[in-house]
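Only one structure is covered here, and it is reproduced in the block below.
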Amino acid sequence: MNEPGFRLGFELLGEVDPEIAATINEEEKRQQENLIMIASENLVSRAVLQAQGSVLTNKYAEGYAGARYYGGCTFVDRAEELAIKRAKEIFSAEHVNVQPHSGTSANMAVYLAFLQPGDKILGMDLSHGGHLTHGSKVNISGIYYQAFSYGVNRETGLIDLGNVRKIARETKPRLIIAGASSYPRFIDFEGFAAIAKEVGALFLVDMAHTAGLVAAGVHPNPVLYADLVTATTHKTFRGPRGGMIFCRSEYAAAIDKAVFPGLQGGPLMHIIAAKAVAFKEAQLPGFVKYQEKVVANARALAEGLAAEGFKLLTGGTDTHLVLVDLRSNAISGKEAEALLESVHITVNKNVIPYDPKGANDPSGIRLGTPTLTSRGMETGQMLEIAALIAETINYRNDKKRLEKVRSRVAELCSAFKVYYF
Ligand SMILES: *Cc1c(COP(=O)(O)O)cnc(C)c1O
C-alpha cells in the first residue's frame, strides 16, 4: 500500500477499521499538503509516536512510582521516573508532576491544590491573549473562583506591569497567573513575582506555549521565578499531547495530591513514556538548534509580513508566534482564515486586544512557526510565505493569482516533507 497512513505500519488498522484508517490517511495528507501555521501545533517525532502507540496504554497505575494502587507497575514506574528525572534536569526544577492529561488539567490541579471556591485569581484577559483557564467566565476557573484580569497597553500591545500591580493591590488575589496563548513577547516573570510577593499572592506561570523555547534556553525560564509553573508538552515542546506541573519542593506534596487523587484517576502511562522520549530528545544538541530556528523563523515571518504592510501587534515577536491586526486590510480574521485555507495555508483567526469585533469573527490572525520549522523550513521560506500570504489577502478576488499561490504552496509542501512521507 502506498497510502501514507500505511507507511506508519497501519496495515492491521486498515483491515480492522477501514473507515478510521482512511480518516487517518486523509489527516496525514492534510498535514503534508498544507503549510500549517497554527502556533499551538507541532509535529512529534516517530519515536514519540511509537511510545504513544505502545502497550503501556494497557496499564493502570493510579498513584506515583513506588506507591501505586495496582500491582505490576515495575516498568511503568521506570518510565515515569525517567520522565521526571529528565524534566527536572531540563527545566532546573525541584519537583515535577508529569501526569496531567493536558495543559488545562495542569492548571486545574494548581487551583485545586491552593484555592478554595470563591477565592480571587488574577490572570491575563482572554481577549488580550490570555487563556480560557485563567479566569474566563465560561470556564471552571471563572465559575468556581472570583476572577479578575489585566490586559495589555492599547498603544504598545505590551503587558503593563504598573497596571498589573495596581489591579493586584486593589483586588488582593490569592493567585496571580502570567502566561498567554497569543502574546508574542517575553513576559517579565521577575516583575510579576515581585508583585505577587508584595500582595501576598502565589505566582503561577503557565508556559503552555513556550515550554520548548524555555527548554532550549531561548526564552527566560519561569521555573526560576514562579511558585508554580504549568506547561503543555505538545506545543513548542514537540512532545505528546499532555501537561506537566513544576514547583518548589515545599509545594510538591500539595500538587501531587491535587493531580491524584484530587483531579485524575489512572495516569496515561503510554503518554508519560512518550513525554520521557520527548524529554530525551530535548536533551539532544539538535533541540536547541531547532528552537533557535523556530524563533528566527518567527522573526523572519514578522519582518516579511511587516514589509508587506501588515500591522503586527507589538510590532514583532520574541517567540514562535506573530499576531496580525487585519483592521487596515479590510478583511476579518475569519475571512482571512478561510481564504488562506483555500490556498492551503492554515492559520487561526484570533481576537486582538480591544477588538472592536467579537470572538467569532475577530480582527486578527495568529501565525506560528513550530510546525514549519519541524519540516526543515528556514528564514528564506518564511519570507516567501509572508509574501504568499500578502498576495492571497491583497488579491483575493483574482482567481489566477490565487491559483499561482496554491501551486507554489504545493511545491513548498513537497520540498519540505512531513517526516512520514
Ligand atoms: C494551550 C494552552 C493551555 C491548555 O492546554 P490544553 O492541553 O489544550 O488543555 C493552557 N494555557 C495556555 C496559556 C495555553 O496556551
### Task
Being within 11 Å of the ligand (Cβ to nearest atom) and outside any loop (DSSP other than H, G, I, E, B) is the filter; apply it to region 215-245 and report the residue that is nearest to residue 176 (Cα to Cα).
230
### Message
Looking at the structure I just gave you, is residue 266 over 20 Å from the mean Cα position of the chain (by Cα) and either farther than 30 Å from residue 49 by Cβ or open to solvent by 30 Å² or more (accessible area, probe 1.4 Å) (or both)?
### Response
no
### Message
Suppose we filter 102, 92 for residues that are in contact (Cβ under 8 Å) with a residue 60 or more places away in the chain and more than 13 Å from the ligand (Cβ to nearest atom); which single one remains?
### Response
92
### Query
Quick one: is residue 79 open to solvent by less than 20 Å² (accessible area, probe 1.4 Å), touching a residue at least 60 places away in the same chain (Cβ under 8 Å) and either over 28 Å from residue 250 (Cβ atoms) or more than 16 Å from the ligand (Cβ to nearest atom) (or both)?
yes
### Task
Enumerate the pairs (first residue in region 38-60 and assigned to a helix (DSSP H, G or I); second residue anywhere and among the β-branched types (Val, Ile, Thr)) with beta-carbon separation below 7 Å, excluding pairs fewer than 6 apart on the same chain, so at least 6 apart or on different chains.
47/277; 48/277; 51/277; 52/271; 56/76
### Summary
Taking region 11-37 and keeping residues buried (at least 17 other Cβ atoms within 10 Å of the Cβ) and either at pLDDT 95 or above or of a type in the set (S, T, N, Q) (or both) leaves 25, 31, 32, 34, 35, 36, 37
### Task
Considering every residue within region 182-190, establish whether at least one is open to solvent by less than 40 Å² (accessible area, probe 1.4 Å), small (Gly, Ala, Ser) and within 14 Å of the ligand (Cβ to nearest atom).
yes
### Task
Examine region 246-259 for a residue that is assigned to a strand (DSSP E or B) and under 18 Å from residue 86 (Cα atoms), and state whether such a residue exists.
yes
### Query
Which condition breaks for residue 41 when tested against (1) within 30 Å of residue 357 (Cβ to Cβ); (2) surrounded by fewer than 16 Cβ atoms within 10 Å (Cβ to Cβ); (3) not assigned by TED's automatic domain parsing to the domain that holds residue 220?
(2)
### Message
Every residue in region 191-214 that is within 16 Å of the ligand (Cβ to nearest atom) and either in a loop (DSSP other than H, G, I, E, B) or within 16 Å of residue 282 (Cα to Cα) (or both), please.
### Response
207, 208, 209, 210, 211, 212, 213, 214
### Query
Could you count how many residues in region 342-362 are under 21 Å from the mean Cα position of the chain (by Cα) and surrounded by 14 or more Cβ atoms within 10 Å (Cβ to Cβ)?
10
### Task
Would you mind stating whether residue 254 is open to solvent by 10 Å² or more (accessible area, probe 1.4 Å), within 16 Å of residue 108 (Cβ to Cβ) and more than 13 Å from the ligand (Cβ to nearest atom)?
yes
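The values are calculated or read from the model by the stated rules, or taken from the named source; none is laboratory data. Keep in mind the model is a prediction, meaning the values are calculated, not measured. Positions of Cβ are generated from backbone atoms using ideal geometry, with glycine treated the same way; all protein chains shown enter the neighbour counts. Just the protein is used for accessible areas: all its heavy atoms, side chains included, with ligands, DNA and RNA removed. Shrake-Rupley method; radii C 1.70, N 1.55, O 1.52, S 1.80 Å.
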